[in-house]
Amino acid sequence: MSDIRTALVTGASRGIGKAIALRLARDGRHVALVSRSAGPLGDVRHAIEAAGGKASVFTADVADNKAFAETIEKVASDLGRIDILVNNAGITKDGLILRMSDEDWNTVIQTNLTSCFVAIRAAARHMMRGKFGRIVNISSTSGVVGNAGQANYAAAKAGLIGLSKTVARELGGKNITCNVVAPGFIETDMTSDLPAEIKDKIQQMMAIRRLGVSEDIAAAVSYLTADDAGYITGQTICVDGGMTMA
Ligand code: NDP
């Protein structure tokens, strides 16, 4: 078994997941990059390798339980171990609740919540074998305080908080921690469609008067996945410029 800790990051092809992957590679992790798009994942791998780090690409649709669980087993068998799991892949399908379709509800719950359950169940076995684990689930301040137009998304992201506290309690005795990072408003593809005046308004709600960048989230994930972060578990850290202070 390699001495290098392995970190599996979902949604690593762009945005926050890409920044997390780059940061964990800088921290000396061998990063397993997971998303549906091989091309962008390959670019992230090249960036990591160019900086002297280690990364491998695994394409998977996290919303497909069986295929995703198989991908996690492939990561474990190809890289020999899974020490760190960052469940970051996520989507939005916004709409007011009176008009929200069953399909939009189910798709967001499946992609943003059920996939994390599937990943934790599969990866925890490998962490137990290695007697070490760090799990970070990327939620959202929408899951902490709610957000009009995001019933499906807020429910999934709030669900991650309950899931994480339970995993923290079940696996704490095995030296496995499970925490949540809840970003506020981070400039990525997910938020690029918002009009400038809405972004200005959001910025005014923040104690630190700027929108977040993906590296702000990556820094929190780096901290929670460190070897010496072993006494922090079941926590939710809002990385939101002081927007919610929940
Ligand atoms: P982006 O839309 O920029 O990126 C989403 C990532 O998730 C992509 O890498 C995408 O990869 C991957 N992904 C989406 N669906 C699937 C799927 N079914 N299977 C595998 N991978 C998938 O989003 P952000 O970087 O902005 O968001 C990352 C996380 O942070 C999400 O969970 C989001 O909810 C959360 N968040 C973001 C906030 C923000 O302001 N940006 C605020 C609060 C939370 P690909 O398309 O290649 O499959």
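Here are the numbers for the structure shown:
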quantity: Members of region 89-130 that are closer than 13 Å to Tyr153 by Cα and aliphatic (A, V, I, L, M); calculated: Ala89, Ile91, Leu96, Ile97, Met100, Val108, Ile109, Leu113
quantity: Breaking point among (1) away from the ligand (no atom under 16 Å from the Cβ); (2) free of Cβ contacts under 8 Å to residues at least 40 places away in the same chain, for Thr233; calculated: (2)
quantity: Helices (runs of 4 or more DSSP H) wholly inside region 1-120 that include at least 3 residues being more than 11 Å from the ligand (Cβ to nearest atom) and either in contact with a His (Cβ under 7 Å, 6 or more places away or on another chain) or touching a residue at least 60 places away in the same chain (Cβ under 8 Å) (or both); calculated: 15-26, 65-79
quantity: Residues of region 188-230 satisfying the condition of being without any contact (Cβ under 8 Å) to a residue 24 or more places away in the chain and in contact with a Leu (Cβ under 9 Å, 6 or more places away or on another chain); calculated: Thr191, Lys199, Gln203
quantity: The lone exception for Asn147 - which of (1) over 13 Å from Pro183 (Cα atoms); (2) touching a residue at least 24 places away in the same chain (Cβ under 8 Å); (3) not charged (D, E, K, R) it fails; calculated: (2)
quantity: Top-ranked residue of region 141-187 - restricted to ones that are more than 29 Å from Met206 (Cα to Cα) and touching a Ser or Thr at 6+ places or on another chain (Cβ under 6 Å), ranked as surrounded by the most Cβ atoms within 10 Å (Cβ to Cβ); calculated: Thr177
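Quick note: the coordinates plus some simple rules give every number you see, no bench work behind them. All values reported here derive from a predicted model rather than from experimental measurement. Counting neighbours? That spans all protein chains shown, and the Cβs are built from the backbone with ideal geometry, glycine included.
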